[in-house]
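The structure appears below as structure tokens.
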Amino acid sequence: MKKISLINTLKKTFKSKSSANKKKTIKQKKIKSISKIKKAKVEVKTKKAKVVAKTKKSKIQKKIVKAVNGKIVKKDSSDASPNLLRIPKSNEQKPEIKKVKKQETEKKEYKIKDYVVYPKHGVGQITEFKKMNIGGIDIEAYILKFEKDKANGMVPVNKQTHLRPLATVNQVNKCISILKSKPKIKRSMWSRRAQEYEAKISSGKIYELAEVVRDLNKGDDLMVDQSYSERQLFEKAYDRILTEFQIILNLSLEDTQKKLDKALKRNLEKQVQKIESKPPEEEITEEIAK
């Protein structure tokens, strides 16, 4: 039998334990190195994904900026994500909003019951002066009544430059002299002349109205053909100048119409027939006495 020494047994036991510990440490180191490599790979992938996302964002932002500046750019369906289609704050331009609480103040030039000419509608009478609030703004306005059109209109005080007072008696006399003068008709196309006549009527100037009436007047000449649009423009200008003359001269509608027709040499045959058809005053008194 061999002698078993304590030293040899102790050496063997310690050697086996140390070798086992070494194997364990090697395995742990290998596992740690593998986990580190995996982490590194994941970090690289995330970095690449972030770079790609940033490049996509920059491309989309450039396209949006171009579209805002007025250039036409085709949008890809892959880039159309709601979070990425936002304009950066540097390009946002917010408009300045001015809060207006009161209308610009102006002195009232006209009084209630004054007659005023509004170019687009003709002669109207101021019936009321109103203060109102529209859209959070305090407004002062004239209320106009147009008897012929049976309509009401509203003109703010700061827009009273669009109105004009009635013409004077001297201006009326000058208008009558314009109506008596020879018409000045251009040789241009009717469409262009119609536009010019419409502009003169809507200007509201009494002399230009008189010119339109004079140029479109055909008198008692039945041989001359007159289109519907031509007749319509003539009647529009004629009615406006008639209403203004009636108020200025303080005459009845028939008397002012006779005065105008006399200047234009219109309906003269009808007037003669009316005078001839009326019996003299002496004969009428004799019949009543009998």
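The values are calculated or read from the model by the stated rules, or taken from the named source; none is laboratory data. Remember, predicted model here, so these are calculated numbers, not experimental data. Here Cβ is always computed from backbone atoms with ideal geometry, including for glycine, and neighbour counts include all displayed protein chains.
Cβ-Cβ distances below 9 Å connect the following pairs, each with a first residue in the stretch 245-262 that is of a type in the set (Asp, Glu), a second residue that is surrounded by 15 or more Cβ atoms within 10 Å (Cβ to Cβ), and a separation of six or more residues or different chains: 255/246; 261/267.
Test residue 252 against the stated conditions and say whether it is at pLDDT 90 or above, out of contact with any Gly (no Cβ under 8 Å at 6 or more places or on another chain) and in the same structural domain as residue 175 (by TED's automatic domain parsing).
For residue 252, the condition - at pLDDT 90 or above, out of contact with any Gly (no Cβ under 8 Å at 6 or more places or on another chain) and in the same structural domain as residue 175 (by TED's automatic domain parsing) - is met.
Total residues in the stretch 129-152 satisfying the condition of being surrounded by fewer than 16 Cβ atoms within 10 Å (Cβ to Cβ) and at pLDDT below 90: the figure is 16. Among residues of the stretch 110-121 that are surrounded by 12 or more Cβ atoms within 10 Å (Cβ to Cβ), those with a beta-carbon under 8 Å from a residue that is assigned to a loop (DSSP other than H, G, I, E, B) and among the acidic types (Asp, Glu) at least six positions away or on a different chain give the pairs 121/149. I'd like to verify a number: residues in the stretch 164-192 that are under 17 Å from residue 230 (Cα atoms), in a loop (DSSP other than H, G, I, E, B) and touching a residue at least 24 places away in the same chain (Cβ under 8 Å), how many? Total meeting the criteria: 3.
Please verify whether the stretch 198-207 includes one or more residues that are surrounded by 14 or more Cβ atoms within 10 Å (Cβ to Cβ), touching a Gly at 6+ places or on another chain (Cβ under 7 Å) and at pLDDT 60 or above. There is no residue in the stretch 198-207 that is surrounded by 14 or more Cβ atoms within 10 Å (Cβ to Cβ), touching a Gly at 6+ places or on another chain (Cβ under 7 Å) and at pLDDT 60 or above. Condition check: of a type outside the set (D, E, K, R) and touching a residue at least 40 places away in the same chain (Cβ under 8 Å). Does residue 161 satisfy that? So residue 161 does not fit the description; no. Of the numbered criteria (1) surrounded by fewer than 16 Cβ atoms within 10 Å (Cβ to Cβ); (2) over 24 Å from the mean Cα position of the chain (by Cα); (3) hydrophobic (A, V, I, L, M, F, W, C); (4) modelled with pLDDT of 90 or more, the one residue 190 fails is (4).
A quick yes/no check of all residues on (1) surrounded by fewer than 19 Cβ atoms within 10 Å (Cβ to Cβ); (2) assigned to a helix (DSSP H, G or I); (3) touching a helix residue (DSSP H, G or I) at 6+ places or on another chain (Cβ under 9 Å):
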{"site": "194", "(1), (2), (3)": "yes, yes, yes"}
{"site": "219", "(1), (2), (3)": "yes, no, yes"}
{"site": "244", "(1), (2), (3)": "no, yes, yes"}
{"site": "254", "(1), (2), (3)": "yes, yes, no"}
{"site": "262", "(1), (2), (3)": "yes, yes, yes"}
